[in-house]
1. Do you know which of the residues in the range 34-59 that are more than 15 Å from the ligand (Cβ to nearest atom) and touching a strand residue (DSSP E or B) at 6+ places or on another chain (Cβ under 8 Å) is farthest from residue 276 (Cα to Cα)?
2. Can you name the condition, by its number, that residue 181 falls short on among (1) part of a strand (DSSP E or B); (2) away from the ligand (no atom under 16 Å from the Cβ); (3) within 24 Å of residue 263 (Cα to Cα)?
3. Which pairs do you get when a residue that is under 24 Å from residue 285 (Cβ atoms) and in contact (Cβ under 8 Å) with a residue 40 or more places away in the chain, found in the range 242-255, comes within reach of a residue that is part of a loop (DSSP other than H, G, I, E, B) and more than 12 Å from the ligand (Cβ to nearest atom), reach meaning Cβ atoms under 7 angstrom, with the pair 6+ apart or on two chains?
4. For the range 1-114, which strands (runs of 3 or more DSSP E) that fit wholly inside it have 2 or more residues that are in contact with a helix residue (DSSP H, G or I) (Cβ under 7 Å, 6 or more places away or on another chain) and over 27 Å from residue 257 (Cβ atoms)?
5. Determine which member of the set 172, 247, 189 is more than 16 Å from the ligand (Cβ to nearest atom), part of a loop (DSSP other than H, G, I, E, B) and surrounded by 24 or more Cβ atoms within 10 Å (Cβ to Cβ).
6. Would you check if residue 268 is assigned to a strand (DSSP E or B), within 16 Å of the ligand (Cβ to nearest atom) and crowded, with 20+ Cβ neighbours inside 10 Å?
7. I'd like to know if the range 121-140 contains one or more residues that are in contact with a strand residue (DSSP E or B) (Cβ under 9 Å, 6 or more places away or on another chain), without any contact (Cβ under 8 Å) to a residue 40 or more places away in the chain and in a helix (DSSP H, G or I).
8. On the given criteria, is residue 209 out of contact with any helix residue (DSSP H, G or I) (no Cβ under 6 Å at 6 or more places or on another chain) and either modelled with pLDDT under 95 or assigned to a loop (DSSP other than H, G, I, E, B) (or both)?
Ligand SMILES: [Fe+2]
């Protein structure tokens, strides 16, 4: 099995060691087995290119990704860090990936200027999915990729994102916010890749479950949740969601604990759970807490306020 061999042979490069970037590997949902012979999908999230994270970190993550020779790179949002000053570097990082790149946006991209971030990603060669899906052919295998726009700032439109999706082709989804996964599973998408939480960054003594889970109210904090079984549980539509710990940071660069490491993750579609040793098993979600209407309105208003501030700065003599 190619996945097992690659995992056994993997040794962290100097860059991976210096910047604490983990390489993790998981099998895909069981349903892919009848639809895909083998596709390797790389997932990275929260690159946060900007002044908090040294540029070498993102470059090293791209090099680690290329060394795995994935068929496709999927990126789940938060490409920038509070400004548009580093969009050229962002495009440069995207250009480093040797496989096709598909991306969705995150809350930081909306705060900094979604259209400008989208353009930089496209300039680097990525396809950006904002509430739509695309079908890509990789080594003669077809895969539908669904891209849900950022739910944190109120831009997710699930019906538009899944429109025209075919049941006879395998599908995978990207959503910056993992809590959107349950709604995507209902449309027959068995695997959703997400980010946003940075795994809590500090995970010693399960601190991430307290900060991201209990206090911030996330159901999915870090890693793999749900079920990759075909049958599902109690007849309910089910699926899996993976929350990547991300590459960069937007506030403090500090990361402590195994789960809080920067992370490049490989998904071996066509392999089933149990085919090789995985970093951890499917986890039970935290109770979670839905944002109130007031919080939703506040988050949407923040995007408008930041845009107005940017425009004001531009017209100032
Ligand atoms: Fe982030």
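1. Restricting to residues being more than 15 Å from the ligand (Cβ to nearest atom) and touching a strand residue (DSSP E or B) at 6+ places or on another chain (Cβ under 8 Å), the top hit is 55.
2. If we test residue 181 against (1) part of a strand (DSSP E or B); (2) away from the ligand (no atom under 16 Å from the Cβ); (3) within 24 Å of residue 263 (Cα to Cα), just (1) comes out false.
3. Listed by first residue and then by second, the contacts come to 243/220; 243/221; 243/222; 245/222; 245/261; 255/20; 255/261.
4. 101-104
5. 189
6. No; evaluated as a whole, the condition is false for this residue.
7. Yes, the range 121-140 contains at least one residue that is in contact with a strand residue (DSSP E or B) (Cβ under 9 Å, 6 or more places away or on another chain), without any contact (Cβ under 8 Å) to a residue 40 or more places away in the chain and in a helix (DSSP H, G or I).
8. Yes: the conditions hold for residue 209.
The values are calculated or read from the model by the stated rules, or taken from the named source; none is laboratory data. All values derive from a computational prediction rather than experimental measurement. Positions of Cβ are generated from backbone atoms using ideal geometry, with glycine treated the same way; all protein chains shown enter the neighbour counts.
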